[in-house]
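Working notes, structure below.
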Amino acid sequence: MAFARAVLAAAAAAASLLAALVSSGPLPEASSPRPGRSLGAPRPAVPPASEPARPRPPPPAALPLQHQLPGGGVCPRGGGGRFVNVTESGAECLPWAEVPTFLEKTPQGRGLRAQRNFCRNPDGRSRPWCFYRNRRGRVDWGYCDCRQGSVRLRGDQNDFEGIVEVYLNGIWGVICSNNWDDTDASVICKQLELGERGTAKHTSLSGLGLIPVYWSDVHCHGDEENILLCEKSIWQGGTCSQNMAAAVTCSFSHATDFVPVRLADGKNAHEGRVEVYYAGQWGTICDDQWDDADAEVVCRQLGLGGVAKAWSQAYFGEGSGPVLLDEVRCTGNELSIEECPKSSWQEHNCGHKEDAGVSCTPLADGAIRLAGGKGSHEGRLEVLYSGQWGTICDDGWTDLNTQVVCRQLGFKNGKGNSERYLEENTGPIWLDDISCSGKETSLLQCSKREWGRHDCSHQEDVSISCYRENDSHRVTLGPPIRLMDGENKKEGRVEIFINGQWGTICDDGWSDKDAAVVCRQLGYKGPAKARTMAYFGEGKGPIHVDNMKCTGNERSLADCIKQDIGKHNCRHSEDASVICDYLSKKASGNNNKGKMGTMPVNAGKRRKFSSYSPCRGGWPWQVALRLKSSHGDGRLLCGATLISSCWVLTAAHCFKRYGNNTRNYVVRVGDYHTLVPEEYEEEIGVHEIVQHQEYKPDSSDYDIALVRLQGPEEQCARFSTHVLPACLPLRRERPQKTAPNCYITGWGDTGRAYSRTLQQAAIPLLPKRICEERYRTRFTGRMLCAGSLQDQKRVDSCQGDSGGPLMCERPGESWAVYGVTSWGYGCGVKDSPGVYTKVSSFVPWIRSITKL
């Protein structure tokens, strides 16, 4: 009863506030008054015949929550939805900001300021309402007509086609078909939820009877949620062109359509939270697996060039409305987000704290290009400033200036050109009176006027021609090249210096013949091996070249370039790489000289990294448990550890979702890059899955399992420098005292997406009391506590790393698997270290199963 009294008291207080507000006199004039109605019993939706009585406060709003409208108390989407701004009497609503007294005294007032004059339900009434001005100019309030702006199709063929009728001020009417097109029709179809695609039709008005015509010359952009939001002309009488009314045919086929995309709440037009339009409403995208490939597609769809970067965890603020998409997995080559693999619409497990964002950073000021010529070596000289390309005036232009430009563009020399290229430029003239000494590496280093200061016309635009590679003036070996991010100087991502910038090469058509030319140009004489899919990591800056076509005999990579510089359809996940002086060391059987628990010599230096970093061939016992193609396109499920030729150690919870059917899984050994086939890589079927008998799916204890690979005894996986088993610890061995140097490895989530290359990170083992204090009774004596608690250097395993090894180095340079990645709270969350199954507690069980 006390609670009921409190509710009624609060309702009475709200009613008193509104009573004081509506009787306080007129507000400053905002617009000409519209007809309205007094408060009280509902009346027909027509203006009153006489002046209304003094407004009375609305009834108390002590309604149960289940009686409030969804979506914050807006009109249902079937009508005008959240864009209705008319009362039942036809009076236009006042902007909420023009009623400051109400906003200041209601808890929801702050949020209402941004709602313009749309009908809302901030105090839990039975229907949305708004303030309006009555005929005396005083503030009044009234319930809204939620049918305002509703549409329906009139016809007798089917529900998907007919004449468009619109509900306004209590009466259904039609639209004159002047300038009616497919874009307008599609908005109608989306509002009616009859598909994404509409085809415009024109139907005679004759035979429709006495029905009003409301609008003509409707012009929609295609992303409007409601026909009310489209530009249009109010019908002023007269006759429609050819006496035709607007009609539509709706279709759910949208194979060629782009999903509308926009960026919201960024600091500029090049960044923001990604929002997509579907089923009549804007919504957000969850950041699960969101990475730079997805960002590049969004930037491309929006027509924004430059460097694309993905942002997660609501970096640009939390959105409103539904979360429409999840698990977006673009390759980066798609033209729109619609073409990317993704979840079904509105299927997700996210909140708005996981809203995805992008930034499309434009090229830096001072970038130059030659436009309008027959190739990238000639044309009108253009420079980028403030995101816009402009020209340069030829006042005082000299051959020294031309040399600097050509050198910045990757050529040795060039000459001025009086030829006019294409049509005269209509953009800005950015620079004038440039004077170079000839020694500068960039045009911006030369003397010049301020940006935009000139006394020229476009008839004075500078045009030049730089000497190409087949000219004697060209550098003999073409643009410089280098190898980046390899484990030694003979391997890495190929980068080439063109147009004053280091950039990468796309791997389309990239082969060992191309790699041979690269290695020869760098002075290496041994065999060359091509690698694709950003094998040595993704580069930055421009992608200069695509579709290389070397025969293998060229002196330099420049001789293989057959396509215009900068023309490509790639992203940095397709950066080309090479390995020079390559020697294949794959073993033919299990006679490899490597010992159990020993690390290849070439991996020693990689152990000194304390943060996440890739490591090729450094963890030969790391294997991947993968689903077969019929269960998710062969994707990674969990990590695991090879402990013999035929046995793999992993976590029991890895089989929680897909069960113990061995036909669901495959084990991949010798892998580094998940998308590039490698000579040490091998996939082996699963013969048996053995979970610990004490493991329960609703618990994290006893989270350990063994997998028997298919094949004869001790001849399942072929050992090599990249495939070796790990040592098991001794029973009850305490790694904190004997093995301080510990690492976790895997292909799991790095914060943007699952890694394509095997990652490693040093991780300290922690006293068990830290996890006992954090996790209470969930942490048992059969678990290890590990992680970095420093604010700036937190290291942890994450999704996709489950089942993988926690390896520690013993005295004598052998490595043992002390832990199996099991569980934790989040990934790298402060004061929430990772929990690992303590392998030493299960050594007797492991040996009893495997007979090792």
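What follows draws every value from the coordinates through simple rules; no lab data is involved. Computed from a prediction, not measured in an experiment: that's the story for all the values here. Ideal geometry is used to build each Cβ from the backbone, glycine not excepted, and the neighbour counts take in all protein chains shown.
With respect to the cross-link table entries LYS525/LYS549; LYS309/LYS353; LYS190/LYS267, which display a Cα-Cα separation exceeding 26 Å?
Details: LYS525/LYS549 20 Å; LYS309/LYS353 19 Å; LYS190/LYS267 31 Å.
From the list (LYS525/LYS549; LYS309/LYS353; LYS190/LYS267), the Cα-Cα distance tops 26 Å for LYS190/LYS267.
Taking label positions 7 Å along the Cα-Cβ direction at both ARG734 and GLU231, the computed distance is 7.8 nm, reported to one decimal.
Note on TRP451 and THR426: the model spin-label points, each 7 Å out from Cα along the C-beta direction, lie 2.3 nm apart.
Each distinct pair of alpha carbons in the stretch 368-466 adds a 1/r term; the inverse of their mean, the Kirkwood radius, is 13.1 Å. Maximal additional length on extending the ASN741-ASP181 stretch stands at 194.7 nm, based on 0.36 nm per residue less the C-alpha distance. For VAL213, what is the net charge nearby, where nearby means another residue's Cβ is under 15 Å from its Cβ and Lys, Arg count +1, Asp, Glu -1? Charge balance near VAL213 sits at 0. For the stretch 489-545, the relative contact order works out to 47 percent when only alpha carbon pairs closer than 8 Å and six or more residues apart are counted.
Normalised by the number of residues in the stretch 151-251, the average gap of Cα pairs under 8 Å and 6 or more apart makes the relative contact order 37 percent.
For the stretch 655-742, the Kirkwood hydrodynamic radius from C-alpha pairs, put into Stokes-Einstein at 20 °C and a viscosity of 1.002 mPa s, yields a diffusion coefficient of 135 µm² per second. Taking each residue as 0.36 nm, the span from ARG113 to ARG152 lengthens on full extension beyond its C-alpha to C-alpha distance by 10.8 nm. Please give me the summed charge of the neighbours of ASP581: other residues whose Cβ is under 11 Å from its Cβ, Lys and Arg +1, Asp and Glu -1. Local net charge: +3. Working from Cα pairs under 8 Å separated by at least six residues, relative contact order for the stretch 447-576 is 25 percent. Look at LYS374, LYS513, LYS540 and count the other Cβ atoms within 10 Å of each Cβ; fewest to most, that gives LYS374, LYS540, LYS513. Subtracting the Cα-Cα distance of SER442 and THR361 from their residue separation scaled by 0.36 nm leaves 27.0 nm. In a Debye calculation with equal point scatterers on the alpha-carbon sites of the stretch 151-251 and no solvent, what is log10 I(q)/I(0) at q = 0.13, 0.17, 0.18 Å⁻¹? Scattering profile of the stretch 151-251, log10 relative to I(0): -0.38, -0.66, -0.75. For the stretch 368-466, the number of Lys pairs with C-alpha atoms closer than 17 Å, counting only pairs eight or more positions apart or on separate chains, is 4. Working from label points 7 Å from Cα in the Cα-to-Cβ sense, the ASN660 to GLU683 distance is 2.5 nm.
Counted by neighbouring Cβ atoms within 10 Å, the residues LYS490, LYS525 run from fewest to most as LYS525, LYS490. Spherically averaged projected area of the convex hull of Cα atoms, the stretch 481-579: 5.4 nm². Short to long, the 10 Å bins of the Cα pair-distance histogram for the stretch 326-366 hold 22, 43, 25, 9, 2 percent of all pairs. Treating r as the C-beta distance of ASP265 and ASP512 and R0 as 56 Å, the FRET efficiency rounds to 0.70.
Tell me the net charge near TRP172. Cut-off is 11 Å between Cβ atoms, TRP172 excluded, with +1 for each Lys or Arg and -1 for each Asp or Glu. Can you show the working numbers first?
Numbers: positive: ARG147, ARG152, ARG154; negative: GLU165.
Counting the neighbours of TRP172, the net charge comes to +2.
Remark: C-alpha extents of the stretch 261-361 on the principal axes read 31, 27, 24 Å, sorted largest to smallest. What whole-number distance in Å separates the alpha-carbon centres of the stretch 130-150 and the stretch 269-290? Cα centroid to Cα centroid, the span is 33 Å.
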